[in-house]
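Participant: Mind having a look at this structure? Questions to follow.
The values are calculated or read from the model by the stated rules, or taken from the named source; none is laboratory data. This one's a predicted model, so the numbers in the text were calculated from it and none came from an experiment. Cβ sites come from the backbone with ideal geometry, for glycine too, and all protein chains shown count toward neighbours.
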Amino acid sequence: MDYIICGKHSVISAYKSKRAKKIYIDNQKKIEEFTNITTEVKSKNFFNKLTSDSSISHQGYAAAVKPIKTYSIRDFENKNAAKLVALQGIEDQGNIGSIIRTCAAFNIDALLIEKKNFKESSIQMNKAHVGNIENLKIILTSNITNPIKQLKKNNFTIYCLDNNSEQDLKNYKFHKKSLLIFGSEGKGIKNYIKEQCDIALKIKINPNVESLNLSNAVAVTLSNL
């Protein structure tokens, strides 16, 4: 089902990827940025209503877009090298959007997200990824356990973060076929998921700081991948 996204970068990215079906803008001059697509000038009130439930700045851009294309584990399991990331129990759409942006920045091949936690039409998520969902393959899964089993059969190494681990992230060389699992802030990864991981890694930080927030932890980890 089509839905509306807001924000200049998200709208322009959807337009360039041909996922946008109609563009809404607040200024006649902005029409020059778009060709071969229906474009309509709308009042500020139109955009303000779209983002009334959030603190997001629409920047005078919105678009009606078709759903993203999603992928399957089967598209990656037989590759000679693949870097995959999975999110377990992460519900905050702003966090998911930020992680999408980070994964795209570090050339992750695909991001696995639990279907129940992926709200594709979320204004918060679409604003947070700043259009980078167009640059990342998304795999939707009912659970994380089955993909782990499937990838292990195809020689993937499964990683997670654990503050109690002795293995320093900075001193570790990742395997060519890797899946990194991240859990929600506070709760972290569920124990039954941890038990399926091959290697637990630790980000060493100042002992006076309890932990990094989720988005920062993902960025630090992927920068070492």
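Participant: Please state which one of ASN171, ASN163, ASN107, ASN154 is under 30 Å from ASN206 (Cβ atoms), surrounded by fewer than 18 Cβ atoms within 10 Å (Cβ to Cβ), out of contact with any helix residue (DSSP H, G or I) (no Cβ under 7 Å at 6 or more places or on another chain) and at pLDDT 95 or above. Spell out how you get there, then give the answer.
Facilitator: Details: ASN171 fails: at pLDDT 95 or above; ASN163 fails: at pLDDT 95 or above; ASN154 fails: under 30 Å from ASN206 (Cβ atoms).
Going through ASN171, ASN163, ASN107, ASN154 in turn, just one is under 30 Å from ASN206 (Cβ atoms), surrounded by fewer than 18 Cβ atoms within 10 Å (Cβ to Cβ), out of contact with any helix residue (DSSP H, G or I) (no Cβ under 7 Å at 6 or more places or on another chain) and at pLDDT 95 or above: ASN107.
Participant: While we're looking at this one, here's another question. Can you report the number of residues in segment 182-206 which are among the β-branched types (Val, Ile, Thr) and part of a strand (DSSP E or B)? Write out each step before concluding.
Facilitator: Our first condition is that a residue be among the β-branched types (Val, Ile, Thr); within segment 182-206, this holds for 189, 193, 199, 203, 205.
So of that shortlist, the ones also part of a strand (DSSP E or B) come out as 199.
Counting residues in segment 182-206 that are among the β-branched types (Val, Ile, Thr) and part of a strand (DSSP E or B) gives 1.
Participant: Okay, next question. If you scan segment 40-73, which residues turn out to be within 22 Å of the chain's Cα centre (by Cα), surrounded by 12 or more Cβ atoms within 10 Å (Cβ to Cβ) and among the basic types (Lys, Arg)?
Facilitator: The answer is LYS66, and nothing else.
Participant: Sticking with this one: Residue check: is LEU140 at pLDDT 95 or above, surrounded by fewer than 18 Cβ atoms within 10 Å (Cβ to Cβ) and in a strand (DSSP E or B)? Give the derivation first.
Facilitator: On the way: at pLDDT 95 or above: yes; surrounded by fewer than 18 Cβ atoms within 10 Å (Cβ to Cβ): yes; in a strand (DSSP E or B): yes.
Spelling it out, LEU140 is indeed at pLDDT 95 or above, surrounded by fewer than 18 Cβ atoms within 10 Å (Cβ to Cβ) and in a strand (DSSP E or B).
Participant: Every residue in segment 178-191 that is touching a helix residue (DSSP H, G or I) at 6+ places or on another chain (Cβ under 8 Å) and of a type outside the set (S, T, N, Q), please.
Facilitator: In the first step, residues of segment 178-191 are kept if they are touching a helix residue (DSSP H, G or I) at 6+ places or on another chain (Cβ under 8 Å); the result is 179-185.
Result: LEU179, LEU180, ILE181, PHE182, GLY183, GLU185.
Participant: A follow-up question, please. Wholly within segment 1-107, which helices (runs of 4 or more DSSP H) include no fewer than the required count, namely at least 3 residues that are in the same structural domain as ILE144 (by TED's automatic domain parsing) and either closer than 29 Å to PHE182 by Cα or of a type in the set (Lys, Arg) (or both)?
Facilitator: Numbers: elements: 8-16, 44-50, 93-105.
Filter on segment 1-107 gives 93-105.
Participant: With the condition kept exactly as written, say whether any residue in segment 112-123 is under 22 Å from ILE5 (Cα atoms), over 12 Å from the mean Cα position of the chain (by Cα), touching a residue at least 60 places away in the same chain (Cβ under 8 Å) and crowded, with 20+ Cβ neighbours inside 10 Å.
Facilitator: Yes, segment 112-123 contains at least one residue that is under 22 Å from ILE5 (Cα atoms), over 12 Å from the mean Cα position of the chain (by Cα), touching a residue at least 60 places away in the same chain (Cβ under 8 Å) and crowded, with 20+ Cβ neighbours inside 10 Å.
Participant: Could you go through segment 77-89 and let me know if any residue there is of a type in the set (Lys, Arg) and farther than 20 Å from ALA219 by Cα.
Facilitator: Just the residues of segment 77-89 that are of a type in the set (Lys, Arg), to begin with: 79, 83.
Keeping just the survivors that are farther than 20 Å from ALA219 by Cα gives 79.
For segment 77-89, residues of a type in the set (Lys, Arg) and farther than 20 Å from ALA219 by Cα: present.
Participant: Restricting the first residue to segment 170-189 and requiring it to be in the same structural domain as ILE113 (by TED's automatic domain parsing), which pairs with a second residue that is loosely packed, with under 12 Cβ neighbours inside 10 Å meet a Cβ separation below 6 Å and a spacing of at least six or different chains?
Facilitator: LYS176/ALA81
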